[in-house]
Amino acid sequence: MKQVFIKISPSDNVAVALETVSQGTQVEIEGETYCLKADIPFGHKLALKEIKKGENIVKYGASIGHAIDTIQKGDWVHSHNAATNLEGLLEYTYKPGEKRKGIQEKRNTFWGYRRSDGRVGTRNEIWIIPTVSCVNTTVRKIAEAAGCLAEGNCEGIFAFPHNAGCSQLGDDFDTTQRILSSIVKHPNAGGVLLVSLGCENNDLEHFIPALGHYDKNRIRTMVAQDVNGNEVEEGVKIVRELVQILKNDQREEVPVSELTIGYKCGGSDAFSGITANPLCGRITDRITAMEGTAVLTEVPEMFGAESTLMNRADSAETFQKIVSLINNFKQYYMDYEQPIYENPSPGNKRGGITTLEEKSLGCVQKGGQAVVTDTLDYGQTAVKKGLNLMTGPGNDNVSITNLLASGAQLILFTTGRGNPLATAVPTIKISSNDELYQRKESWIDFNAGIILDGTSFEEAATELWEKVLDVASGQQKTKNEVNGYREIMIFKNGVLL
């Protein structure tokens, strides 16, 4: 009998459909025959036993919620008969487990651009960054006019308009400055033109002190209001000077310990946590085993699975930092009188994800088994090797901007339903299933659906590892680079003037 369901853990009381299966169909799962009592869509869950009202529903070997009515064996398990167990703030106890060592890959170097601060870029580009959204069109026009100037090892000229920089107060203003400062100093930017309007809160008088020490040869500034004549022409002139500096830069071989990988999932389905995210976890285990850095964000999508991360903390101090990260983000929702657990999204639910625990247990698998060494605030650059947890919402554009600001030189972005979004650094899109990979070839760089077709996790991880290092070395471009998907969005949490 053809396998049409997969049971993830031996203790699970549900299985996941590998295709849409009609009511009345008989299926065999681990030697037992089930007659379906309802249609079960692709990616959705089948009850493997009677689950009484109030009893936990178990997937990934952990509770993903409880039955709100008795669910019969062979029935469809989803939002109509299941609900989350999560509520309110929690207290946590540090219970460190055995620290597992990741795999040391034979290929342990890549080719990158060494910067004056010692960091390494995977690209050598010129970035045109506004201090304020008022000059978003200006930076776009400069990039369009200067795009043809890229030559030698200047690998491209790109503008990054955003949504902030003026009429902001307090924490929001500080967050904007930290994030923009980290992006301006990102090692993938061999040169930067920083464009100010001239009258904004975040004008150069206030931003340059926040930027701190910087290479004035490679980071140039322009105030649009102060330019006599056409500011676009003046911007192109500055970019031309930067091109001359960058075109002679050379890649050199460097150890993977110089690599920081950011992780994101967006447009998830039930297979994201079964194929794509665990596959990313294997990459996390590899990069951290070789003293590189991994950054995991989307704090709301850790709720319900946070203890698995807390107990992998390298110390009691790091454990407490993770507790603060989690509870502070819960408090953020409570301050606005919003439900903490208003997740998953409608698209997630259509893809088969029922509760936040289910989503979170799948999401955190991108962290593999790596030791958690630090937590990061908005705009804070990762400095500790190992797995870093970064504050921030699940919102895709805000998340990838946070990862960019953390210093990630590339991002692994998993998706089950599809999402073309990407940011300033190479973003490797990983589909959780074959159907998406075949349907959205222009979006997807790697198909984790091969795992459902019989490829082992280790084989797939080795193949993905090779792609990661090829992309980092400039030997491959990602679909977001080829198709021009490059965006940033800065988190806001306060009033506007």
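The values are calculated or read from the model by the stated rules, or taken from the named source; none is laboratory data. A quick note: this is a predicted structure, and the numbers were derived from the prediction, not measured. Counting neighbours? That spans all protein chains shown, and the Cβs are built from the backbone with ideal geometry, glycine included. Just the protein is used for accessible areas: all its heavy atoms, side chains included, with ligands, DNA and RNA removed. Shrake-Rupley method; radii C 1.70, N 1.55, O 1.52, S 1.80 Å.
Couple of notes before you dig in:
- Helical mean residue ellipticity (222 nm; -39500 (n - 2.57) per DSSP H run of 4+; nearest 500) of the chain: -8500 deg cm²/dmol
- More than 16 angstrom apart: percent of Cα pairs within the stretch 341-464: 69 percent
- The C-alpha atoms of the chain define a longest principal axis, and helix 316-335 lies at about 90 degrees to it.
- DSSP bridge pairs, the chain: antiparallel proportion in percent, nearest 5: 40 percent
- Accessible-area order (highest first, 1.4 angstrom probe) of the listed residues 310, 489: 489, 310
- Inter-probe distance in nm under a simple model that places probes 7 Å from Cα toward Cβ, at residue 80 and residue 338: 3.0 nm
- Efficiency of FRET between residue 230 and residue 252 - r from beta-carbon atoms, R0 45 angstrom, step 0.05: 0.70
- Degrees between helix 277-289 axis and first principal axis of the chain (Cα, 0 to 90, nearest 10): 60 degrees
- GluC sites (Glu not before Pro) lying in DSSP loop within the stretch 135-188, provided at most 12 other Cβ fall within 10 Å: 151
- Counting only aspartates and glutamates at least 8 places from residue 141 when in the same chain, those with an alpha carbon closer than 13 Å to its own are 231, 233, 234.
- Count Lys and Arg as plus one, Asp and Glu as minus one, and take only other residues whose Cβ is under 14 Å from that of residue 425; the net charge is then +3.
- Computed E for residue 439/residue 6 - FRET, C-beta separation, R0 22 angstrom, nearest 0.05: 0.55
- Taking the convex hull of Cα positions in the stretch 1-152, its mean projected area over all directions (nm²): 19.3 nm²
- Mean shadow area of the stretch 406-457 over all directions, Cα convex hull, nm²: 4.0 nm²
- Relative to the dominant Cα principal axis of the chain, helix 170-184 is inclined by about 80°.
- Accessible area of the chain belonging to carbon and sulfur atoms, whole % at 1.4 Å probe: 47 percent
- Rounded accessible area of residue 312 (nearest 10 Å², 1.4 Å probe): 40 Å²
- Label point distance in nm, residue 455-residue 25, each placed 7 Å from Cα along Cα→Cβ: 2.5 nm
- Checked against a 23 Å cut-off, the cross-linked pairs 185/429; 384/479; 101/385; 95/429 give Cα-Cα distances beyond that limit for 185/429; 384/479; 95/429.
- Taking 0.36 nm per residue of separation and subtracting the Cα-Cα distance, full extension of the segment from residue 314 to residue 68 would add 84.7 nm.
- For the stretch 1-119, the solvent-accessible area works out to 57 Å² per residue, with a probe of 1.4 Å and every protein chain left in place.
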